[in-house]
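Written below as structure tokens is the structure these notes are about.
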Amino acid sequence: MAGAMNEPFTIAVDGPAAAGKGTISRALAARFDMGHLDTGLLYRVVGALTLTGVDPVEAARGLTAKDLDRDDLRAPNVAQAASKVAVIAQVRAALVDFQRAFARRSGGAVLDGRDIGTVICPQAEVKLYVTASAEVRAQRRFLELRGKGLNVSRAQVLKDVRERDDRDMNRAAAPLRPAEDAVLLDTSQLNIDMAVAHAIAVVENKRQG
Ligand code: DC
């Protein structure tokens with residue numbers, strides 16, 4: 001089925017940090033030959049710039065696609081900074097057009113984030129809400145960061161995950177929550193292959209109408 005479509009087709013993948021959104025989104029984009037935008041990177045670029053003293057709203061207004069290639073965006077302090085700038089309504093507003101343009105590109109697009117199905121692309125053809133328990137997500141993030149050689153503790157990673165969940169879910173501007181028509185995918189008990197297979201089945205169902 002890869003490459004079968006030229007018209008826009010948007011897959012929105014939302015959920016909390018480290019639930020598996022990125023892995024699932026990359027796999028969907030590869031399987032259906034679509035573009036993929038990790039929208040968390042937009043907030044991470046803005047967060048990283050604020051750590052060097054740049055005003056967050058100006059950083060968001062000046063963002064370009066090239067900024068997404070920065071190699072410091074996965075660091076834990078940048079993740080926290082991203083979650084903090086993400087509460088600012090003007091920052092979010094400045095990033096809307098970039099995301100919507102990507103979502104409607106020809107051939108289809110997968111966007112993963114927190115508010116794709118609710119705010120950025122409420123008309124998305126497919127909406128997935130990917131989640132897992134905080135403990136499972138922290139353990140995955142811990143292994144990922146350790147694998148990159150970062151010296152983090154399990155307890156600190158769990159604390160970070162909980163803090164970000166709290167901020168992302170309880171902010172006034174576009175809080176993290178499942179869209180009413182989202183398909184829920186809890187990956188707590190699933191390995192990557194099972195989670196990806198489930199997500200592919202959801203998309204195939206929708207594409208077949
Ligand atoms: O997905 P991530 O961990 O890279 O996201 C980093 C932060 O950016 C996250 O804690 C909240 C924010 N974010 C957001 O508010 N809306 C999005 N669509 C994506 C990320």
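Taken together, the values in this text are just the output of simple stated rules run on the coordinates, not laboratory data. These numbers come from a predicted model, not from an experiment. Neighbour counts run over all protein chains shown; Cβ positions are idealised from the backbone, glycine included.
Tabulated values for the structure
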{"read-out": "Sparsely packed GluC sites (Glu not before Pro) within the range 73-171, loop by DSSP, other Cβ within 10 Å at most 15", "value": "E125"}
{"read-out": "Aspartates and glutamates with Cα under 12 Å of K21, excluding same-chain neighbours fewer than 8 positions away", "value": "D38, D112, D186"}
{"read-out": "Sparse-neighbourhood loop sites, trypsin sites (Lys or Arg not before Pro) in the range 124-209 - DSSP loop, at most 10 other Cβ within 10 angstrom", "value": "K148"}
{"read-out": "Ranked packing of 172-182, 10-20, 40-50, most packed first, by mean Cβ within 10 Å", "value": "10-20, 40-50, 172-182"}
{"read-out": "Size of electric dipole in the chain: Cβ of Lys, Arg +1 and of Asp, Glu -1, about Cα centre, debye, nearest 20", "value": "320 debye"}
